[in-house]
Amino acid sequence: MLAHSVMGGAALAGALFGAVNETVVEGQGAHAALPAPEGRMRRVVTGHNAAGKSYIVSDEMADLANLWTTKPDQPLGLSPAGEPRQLSHATGETRFFLTAIQPSKDPRPSLENRVGFHRTPGIAYCFMLTGEIVLLVDTQEVRVRAGDLVVERNTMHSWRNEGTVPVAMLITVVNASA
């Protein structure tokens, strides 16, 4: 079973990052190694406009080797021009988890009803593993798919799964405070 898990992980990594150059040899104690990531990935970044409402700051392709950067005095990363500063430092608390967003039921989350809206207490890196889902922020919504990354920067947001199966995400949250 372990061999199947390793091969499955290598297959997933190969699908995400290109072909894996090393092969796992069953029974010989070899370890799978991922190649250095090359290429680009879709990155959707949230932020706050001058009125303090959440919006999509950017939706673009980013280099895999540099998807997002933060600094001690910029716990949410480089802020777009005009964004009010809300958090000043990371707290040191982190959370890393896998979640599945179930298909949305009526009333489905919308910008009008704000069902499920919440604020992440810092920055969250949300990597979409399967399916597609709609990210809602105060002012707009955007559809993200497997292989996309959402950098959620302390903004009000919700998720709407319009499909019939759960959507899996791998999420890392780094808490921050004022």
Unique residue being buried (at least 16 other Cβ atoms within 10 Å of the Cβ), farther than 25 Å from residue 40 by Cβ and out of contact with any helix residue (DSSP H, G or I) (no Cβ under 8 Å at 6 or more places or on another chain) when the list is 138, 148: 138
If we keep just the residues of the stretch 151-178 that are more than 13 Å from the chain's Cα centre (by Cα) and among the aliphatic types (A, V, I, L, M), which is surrounded by the fewest Cβ atoms within 10 Å (Cβ to Cβ)? 178
Sole exception among (1) surrounded by 14 or more Cβ atoms within 10 Å (Cβ to Cβ); (2) at pLDDT 90 or above for residue 69, by number: (1)
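Looking only at strands (runs of 3 or more DSSP E) that lie completely in the stretch 76-178, which have at least 2 residues being assigned by TED's automatic domain parsing to the domain that holds residue 62 and under 21 Å from residue 59 (Cβ atoms)?
Working: elements: 89-101, 122-128, 132-137, 141-145, 149-153, 156-160, 167-177.
By residue number, 122-128, 132-137, 141-145, 149-153, 156-160, 167-177.
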So, in the stretch 63-114, exactly how many residues are aliphatic (A, V, I, L, M) and free of Cβ contacts under 8 Å to residues at least 60 places away in the same chain? 5
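Taking the stretch 51-75 as the search range and keeping residues that are touching a Ser or Thr at 6+ places or on another chain (Cβ under 8 Å) and outside any strand (DSSP E or B), which one is nearest to residue 140 (Cα to Cα)?
To start, the set of residues in the stretch 51-75 that are touching a Ser or Thr at 6+ places or on another chain (Cβ under 8 Å) comprises 53-57, 73, 75.
Applying the additional criterion that residues be outside any strand (DSSP E or B) yields 53, 73, 75.
Details: 53: 10, 73: 29, 75: 24 Å.
Checking each candidate, the answer is 53.
Determine whether residue 77 is over 19 Å from residue 51 (Cα atoms) and at pLDDT below 95. Give the derivation first.
Numbers: over 19 Å from residue 51 (Cα atoms): yes; at pLDDT below 95: yes.
It is true that residue 77 is over 19 Å from residue 51 (Cα atoms) and at pLDDT below 95.
The values are calculated or read from the model by the stated rules, or taken from the named source; none is laboratory data. Quick caveat: nothing in here was measured; it's all calculated off a predicted structure. With ideal geometry, Cβ positions are generated from the backbone for all residues, glycine too; neighbour counts draw on all protein chains shown.
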